[in-house]
1. For the full complex of protein chains and a 1.4 angstrom probe, list 30, 69, 303 by accessible area with the highest value first.
2. Compute the length gained on full extension between residue 107 and residue 137: take 0.36 nm times their separation in residues and subtract their Cα-Cα distance, giving the result in nm to one decimal.
3. At what distance in nm do the modelled label points of residue 184 and residue 120 sit from each other, each positioned 7 Å from its Cα along Cα→Cβ?
4. Need one value: the accessible area of residue 250 in square angstrom, 1.4 angstrom probe, rounded to the nearest 10.
5. GNM, the chain, Cα, under 10 Å: largest mean-square fluctuation among 33, 120, 73?
6. Can you give the angle from 0 to 90° between the axis of helix 28-37 and the longest principal axis of the chain, with both taken from C-alpha atoms, to the nearest 10?
7. If you find the alpha carbon centre of segment 227-282 and of segment 1-73, how far apart are they in angstrom?
8. Along segment 95-103, what does the Karplus equation 6.51 cos²θ - 1.76 cosθ + 1.60 (θ = phi - 60°) give for ³J(HN,Hα), rounded to whole Hz, x for Gly and Pro?
Amino acid sequence: MEFISPGARQYKANLHSHSNLSDGSLTPEELIRAYREQGYSILAITDHEASYDHTAASGPDFLLVTGYEAYIRPSPECRLDNYGPEIHLNLLAKDPHNTTLIGFDPKFCKYMPPGEAARREKAGDLGPRRYTREYIQAFIDQARESGYLVTYNHPCWSMERQEDILAYSGCFSLEIFNTGSMMISGAEDNVILYDRMLRMGKRLYVHGADDNHNHQPFGSPLCDSFGAWTMVLAEELSYPAVIRALEEGRFYASTGPAFTRLAFQGRNASMEFSGAQRAIMHMSPKWAVNLCARAGESFDRAEFAIPDQAPYVYFSLLSGDGRRAVTRAFTREELGI
């Protein structure tokens with residue numbers, strides 16, 4: 001099985017961004033121009049409770065993914081509590097023209113002009129939102145039924161209890177890196193949470209994103225753009241191909257390193273990558289196999305033997321300056337071992 005073939009197309013994507021249609025500083029056009037200039041091929045402009053179809057701005061070498069960020073807070077007035085939990089979910093539309101609003105509540109849909117919101121198709125429980133497991137699960141279920149892929153965003157920032165996060169089902173991917181949260185607190189690396197999910201039987205994928213609002217200029221040490229991304233392994237740069245790759249888990253998260261090959265033959269895994277200082281095969285927080293270069297050096301290929309007892313494996317790369325790349329997990333059943 002080859003997860004990444006040598007020379008396979010990899011499209012650099014930011015699947016979480018905000019424009020001045022909600023609380024971002026840049027216009028959609030400015031965001032598109034900035035990400036194109038930085039070598040990205042895919043951008044999802046996911047404004048808060050503001051679903052817009054930007055796909056008319058797509059071209060042969062740049063794809064806009066339709067979606068928006070939904071959020072549920074304990075406050076029925078949508079007040080931000082800097083010391084309490086809430087949940088944020090990105091809804092990525094399988095159909096590029098799907099702008100359905102899920103669980104519409106005008107107090108949360110505060111960035112979209114009322115007339116614009118009135119024209120949107122709506123689905124799910126309309127009216128006041130409730131920060132309960134039952135309501136959140138119904139929201140996720142409705143979003144999926146309405147044609148969205150649902151991601152779980154920035155769990156460190158959201159401050160939800162781990163037992164609540166583990167209770168939800170239906171999210172297809174976990175935001176393992178989030179640049180915006182890293183700029184706030186220095187903490188949004190969710191590998192340990194991902195391990196816990198895997199041990200609980202939650203088979204999510206993982207991706208990286210900026211969650212950029214651009215309140216600081218490009219080049220600032222606190223700029224929240226271009227810090228984390230998703231490499232999408234699609235057959236071509238088209239909307240159906242990219243959505244299919246996301247649904248099938250053909251992508252990985254990065255803040256720097258790149259995988260150029262990842263293949264499995266029986267219990268053996270082999271990979272090639274851009275220069276890294278460490279390559280790791282993860283099997284649990286207690287058990288991982290590390291291959292390392294000498295101090296100050298790097299290497300670009302590794303081979304691992306998957307132990308009989310490992311219920312799953314996933315792989316990460318670590319560069320000398322601390323940048324990382326992480327794949328999704330592969331189960332024994334998936335690998336046929």
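The values are calculated or read from the model by the stated rules, or taken from the named source; none is laboratory data. Owing to the predicted nature of the structure, the values given are computational and were not obtained by experimental measurement. Don't worry about glycine lacking a Cβ; one is built from the backbone with ideal geometry, like all the others, and counts go over all protein chains shown. Please note that ligands, DNA and RNA were not included when accessible areas were found on the heavy atoms of the full protein model with its side chains. Shrake-Rupley method; radii C 1.70, N 1.55, O 1.52, S 1.80 Å.
1. On the way: 30 70, 69 0, 303 145 Å².
In descending accessible area the options line up as 303, 30, 69.
2. Working: separation 30, 0.36 × 30 = 10.80 nm, distance 2.02 nm.
Taking 0.36 nm per residue and subtracting the Cα distance, the gain is 8.8 nm.
3. 2.1
4. 40
5. Looking only at 33, 120, 73, the biggest GNM fluctuation is shown by 33.
6. In the chain, helix 28-37 runs at an angle near 20 degrees to the longest axis.
7. Using only Cα atoms to place each centre, the spacing works out to 18 Å.
8. The phi angles translate into 9, x, 9, 7, 10, 4, 9, 9, x Hz.
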